[in-house]
Each structure stands twice: as C-alpha cells, then as structure tokens.
Amino acid sequence: MKKKILTFISVGILMFVGVTVIEFCCIYAAEGDNIWSYLKGVWDWYKTLLI
C-alpha cells in the first residue's frame, strides 16, 4: 500500500516538473532571451489583479 502511494506521489511530482519545463520552453520559444522581463511582467500583472 505504501509503495502504491509513493508511486502516485512520484508520478505527480514528475508530471509537475515536466509541465513546468514545457512551459519555460514555450516561453523561451516565444520571448527569446527576454524571459526574465516577461516573467516579471506576468508577476506584476498577477499582483495588480489580486490587489
């Protein structure tokens, strides 16, 4: 039972990491070397949305 739970947790973590890597690859393909300013702009947009 514990092995099955550990397997589900491991698969979940691997899926999260995979999706995150794919997202950053897509951002790099769209923005090029301008990733940091793009992420900063997105973060600022979310901050103003929540305030």
Quick note, the chain: a/c under 1.5 would make it rounded; otherwise a/b > b/c is prolate and the rest oblate (a ≥ b ≥ c, C-alpha gyration tensor); here it is oblate
Report in % the part of the accessible area of the chain that belongs to carbon and sulfur, leaving out ligands and nucleic acids; probe 1.4 Å.
75 percent
Please get the size of the charge dipole for the chain, origin at its Cα centre, with Cβ charges of +1 on Lys and Arg and -1 on Asp and Glu, quoted in debye to the nearest 20.
520 debye
When the chain is modelled as a GNM with alpha-carbon springs shorter than 10 Å, which of 27, 13, 35 fluctuates the most?
13
Å² of accessible area per residue within the chain, as computed with a 1.4 Å probe and no ligands counted:
97 Å²
Value at 222 nm in deg cm²/dmol, rounded to 500, when DSSP H runs of n ≥ 4 in the chain each add -39,500 (n - 2.57)
-31500 deg cm²/dmol
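The values are calculated or read from the model by the stated rules, or taken from the named source; none is laboratory data. Keep in mind the model is a prediction, meaning the values are calculated, not measured. Cβ coordinates were reconstructed from backbone atoms using ideal geometry, including for glycine residues, and neighbour counts include every protein chain displayed. Heads up: the accessible areas ignore ligands, DNA and RNA and are worked out on the full protein's heavy atoms, side chains in. Shrake-Rupley method; radii C 1.70, N 1.55, O 1.52, S 1.80 Å.
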